[in-house]
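Written out below as structure tokens is the structure these notes cover.
The values are calculated or read from the model by the stated rules, or taken from the named source; none is laboratory data. Worth saying up front: this structure is predicted, and the values here are computed from it rather than measured. Note that each Cβ is placed from the backbone with ideal geometry, even for glycine, and that neighbours are counted across all protein chains shown. Heavy atoms of the whole protein, side chains included, go into the accessibility calculation; ligands, DNA and RNA do not. Shrake-Rupley method; radii C 1.70, N 1.55, O 1.52, S 1.80 Å.
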Amino acid sequence: IETQPRDKIVVFGLANVTDLSSLQSDENNDKQLSLDALISDRFEDEKTTELEDEVAAVQRDVLLAPIIDKLQSQARAGQPVQTASISGAVKSPGTFPVTNDFDAVKLIAAAGGLEDRVYMKSAELRSLYLGTGDEVLSRYVELDLKQKNDRSASINSRDHLHIRTIPRWNPSEAVTVEGEVKFPGVYLIQKGETLANVIQRAGGLTEDAFAAGTVFTRKSIAALETLRAREFAQSIVRDFAASQLTKEEKQIDIDEITSVADKLDEFVGAGRLLVDVDAALAGDRLANIRLEDSDKLIVPPRTSTVTVVGEIRRPGTHSFQQDLDLNDYIGLSAGMTARADDKELYIVK
């Protein structure tokens, strides 16, 4: 490219670009100047601050914004805007200037190169054209980036190239398994992996494992619990305000309502999901749930104690004895208090 007066050279920051040499045409390798290193366009120089220069060194969109704006302002009838866009599995998706003999390889290079999750066999190129009724229509073409002819597909004004991702790409999704398994740790998972499968990968349960007491938590459930608490807090305040306006209830201290709402706003969900590990390991398809990224499984050791709490005179924990029943353990805890409701007892196993 021969430089001329008032040209401006824009050098992008490094982005660990995937090597595109395999995509380049062999006979043109020594002649092509990758847009990953250089974009040249004639327009007046603009002053930037030192901070803006540092940011622009690694952000292509910042560097390209004035170029794209100028190209769009220069577009007119018969001379469409000289830009094309790209999305999907590339380092820096966005809109880029279209130069002479622009093709898919150059557009990918302008976007920083391909990511490792790219699906090379299928990319989609959308082009716009005028139909018989002068309406704007879209044409879609499938490209195989492994094929030389498809790589050199021409890119024109307002074209959009979508680089697809390998189906079910999840190389870093993992779950944590703790407690009474032979090999606790963090296990990478694939799509569709199940509870029983990851327990088996962890070496199975130990002899001391108490499967019925397994604690299973999931981030998506915790987020939902937190959201529901926020919504409940809002509904409490909203209902209170409505009741005061319509005089449905006696006057209530606004500070009490605010205190309750604040506590709900501060609530963070635990994300606990009840699971049946024994059933899952036995082959029950309903119990053998599919895992998600960041799931956590804690298998506790078998316990030999019974804890009595609540309206009891001496709350505490007792050694389990096979021949004792509910009333016996209440007796060992010195009986119920005067406030106890003996019709509302419950056992957590």
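Just to verify a result, which residue in the stretch 198-209, among those that are out of contact with any helix residue (DSSP H, G or I) (no Cβ under 9 Å at 6 or more places or on another chain) and not in a loop (DSSP other than H, G, I, E, B), is least open to solvent (accessible area, probe 1.4 Å)? Explain how you work it out, then say what you get.
Taking the stretch 198-209 and keeping what is out of contact with any helix residue (DSSP H, G or I) (no Cβ under 9 Å at 6 or more places or on another chain), we get 198, 201-203, 206-208.
Subset that is not in a loop (DSSP other than H, G, I, E, B): 198, 201.
On the way: VAL198: 3, ARG201: 95 Å².
Out of the qualifying residues, it is VAL198.
Considering the stretch 152-180 alone, what residues qualify as being under 30 Å from the mean Cα position of the chain (by Cα) and part of a strand (DSSP E or B)?
Within the stretch 152-180, HIS160, LEU161, HIS162, ILE163, ARG164, THR165, ALA174, VAL175, THR176, VAL177, GLU178, GLY179 meet the criteria.
For the stretch 275-306, what are the residues that are surrounded by fewer than 17 Cβ atoms within 10 Å (Cβ to Cβ), assigned to a loop (DSSP other than H, G, I, E, B) and either under 24 Å from the mean Cα position of the chain (by Cα) or of a type outside the set (A, V, I, L, M) (or both)? Reasoning before the result, please.
In the first step, residues of the stretch 275-306 are kept if they are surrounded by fewer than 17 Cβ atoms within 10 Å (Cβ to Cβ); the result is 278-279, 282-286, 290, 292-294, 296, 298, 300-305.
Now restrict to residues that are assigned to a loop (DSSP other than H, G, I, E, B): 282-286, 292-294, 300, 302-304.
Listed by number, the residues that qualify are GLY283, ASP284, ARG285, GLU292, ASP293, SER294, PRO300, ARG302, THR303, SER304.
If the requirement is being open to solvent by less than 70 Å² (accessible area, probe 1.4 Å) and either closer than 17 Å to ASP293 by Cβ or among the small types (Gly, Ala, Ser) (or both), which of these qualifies: LEU264, LEU224, LEU195, LEU188? Full working, then the answer.
Values: LEU264 fails: either closer than 17 Å to ASP293 by Cβ or among the small types (Gly, Ala, Ser) (or both); LEU224 fails: open to solvent by less than 70 Å² (accessible area, probe 1.4 Å); LEU188 fails: open to solvent by less than 70 Å² (accessible area, probe 1.4 Å).
Checking each option against the conditions leaves just LEU195.
Looking at the stretch 135-151, is at least one residue assigned to a loop (DSSP other than H, G, I, E, B), in contact with a helix residue (DSSP H, G or I) (Cβ under 9 Å, 6 or more places away or on another chain) and open to solvent by 20 Å² or more (accessible area, probe 1.4 Å)?
yes
Suppose we filter the stretch 69-104 for residues that are in a helix (DSSP H, G or I) and either surrounded by fewer than 22 Cβ atoms within 10 Å (Cβ to Cβ) or in contact with a Pro (Cβ under 9 Å, 6 or more places away or on another chain) (or both); how many remain?
6
Can you name the residue in the stretch 227-246 that is β-branched (Val, Ile, Thr) and surrounded by 13 or more Cβ atoms within 10 Å (Cβ to Cβ) and is also nearest to VAL175 (Cα to Cα) among such residues?
Taking the stretch 227-246 first, the residues β-branched (Val, Ile, Thr) are 236-237, 246.
With surrounded by 13 or more Cβ atoms within 10 Å (Cβ to Cβ) added as a condition, the list becomes 236-237.
On the way: ILE236: 37, VAL237: 38 Å.
So, considering only residues that are β-branched (Val, Ile, Thr) and surrounded by 13 or more Cβ atoms within 10 Å (Cβ to Cβ), the one nearest to VAL175 (Cα to Cα) is ILE236.
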